[in-house]
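Step one of this worksheet: look at the structure below.
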Amino acid sequence: MVVAIVVVAVALGCIAAAAEITVQRRTGLLLGAALGPVALSVVALGFALVGAWLVRARPRLGVGWLFLAAGSLAQAGVAGENAGRVGWLVWEGTAVGLGVDLLGGLGLYLLIGLLPVLYPTGRLGQWPERAVAALTGIGAILLQVQWLRAQLDPAYAWPLGDQPARTWVAWIPLLLAGTGVAGGWALSVVRLVRAGHPERLQRAWLLVSVVAVIVTQSLGSSPLASALQAVTLWLLPVAIAVGVVRYGLLGIDTAVPRTVTAGVLALAITVVYLISTGIGELAGVGRVGSALLASLVVAIVLGPLRDRLRAGVDRFLYGRQEVRAQLQRELHDGLGPSLTGMRLGLNALSDALAAGDTATATTITAALTEEANRSVVEVRRVSTVCGPPISSGSTLRPPCAGA
């Protein structure tokens, strides 16, 4: 079922992107300037893909299903809206459109409010988390009921509509949802301050991406602002992916295929190509000239940097696993034989002492002392694999502390 949902979500993402490109072309917007709106039209697909990944790894945890459902429904809504804008179908006001938008909006409300209390363990904790989750859920459901009523009755006034609500009762859903969301993220900040490694880094990635989203949403609707908004919105699923790959989120000990590296390279090539095409159109060289210019830039810029970029991505995503593997090799090939030899030497020393052979015992003791000194040097050398030492008052641990 998960695979089928992903296939449908990808297809909806293609429809949304194609419709958005058609809209931008009709308005005369250059390809480079249209990059932001097109990227925004497929942001929800990123949430769906990360959700599918989490569900496949930990099907009993709700956070993966939340990402998958919210992302897929939101992508369906964007695809339907964009297709309606170009006249491919009738979406606005139809039963299907209202149903998808209703469920998609509910999923996004729940994702925003529940993510900070579900992350990074995937489960609700004690009563504070449960309380804010309940407030968020009740408020989100009531807000969507208000939205649906406003769609069916344009005269209905509610807090998020064009006409603000006139009665205090109508503000209760927004108050409940707002309190739940604010409380959830406040708890996440508190947990960040108190957490140790790797939870602190997992929460830090999430909070940084959320702050970036909030900042870019205030930049307006210019092409540059749209591009920045798309990048920061994509940071949210990326933060989850980094938490899984680099810091073992949800206990998923994964060896992510190297296709992740290939995906990053492909994304970099696509971005450089689109930017170069936009610059070519601005320079007035025409579409053919723009395409040639973009291909040339990709070949000149990303060609020589391909190996370095691949190495950097691998080191960033898989650094912790490689450190652990290196440490295991060092322990197996170096300290292991040394400790085995010392154990055999102690047995021989015990036999010499039992036989009263003082000269042999003295020789064995000198050899064991020398071997112990070599082992101390080896331990110090291997410890450099873990990186610089951590101060005694810090809650962080070196990268190989969990090995």
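Could you grab the Rg to Rh ratio for the stretch 2-197? Cα atoms only, Kirkwood for Rh.
Rg/Rh: 1.01.
Fewest first, what order do 169, 23 take by the number of other Cβ atoms within 10 Å?
169, 23
What net charge do the residues around residue 26 carry, taking every other residue with its C-beta under 12 Å from that of residue 26, with Lys and Arg at +1 and Asp and Glu at -1?
Summing Lys and Arg as +1 and Asp and Glu as -1 gives +1.
Sort 50, 3, 238 by Cβ crowding within 10 Å, fewest neighbours at the top.
So the ranking, lowest neighbour count to highest, is 3, 238, 50.
Local charge sum around residue 118 (other residues, Cβ-Cβ under 14 Å, Lys/Arg +1, Asp/Glu -1)?
Once all neighbours under 14 Å are counted, the net charge is +4.
What FRET efficiency comes out for residue 375 versus residue 190 if R0 is 41 angstrom and r is the Cβ-Cβ distance? Round to the nearest 0.05.
My answer for the efficiency is 0.40.
Going by how many other beta carbons lie within 10 Å of each one, how would you line up 381, 191, fewest first?
Final ranking by Cβ density, sparse to dense: 381, 191.
Each reported figure results from applying straightforward, stated rules to the coordinates on display, with no laboratory input. Here the structure is a predicted model, which means the values were calculated and not measured. We place every Cβ from the backbone using ideal geometry, glycine too, and count neighbours over all the protein chains shown.
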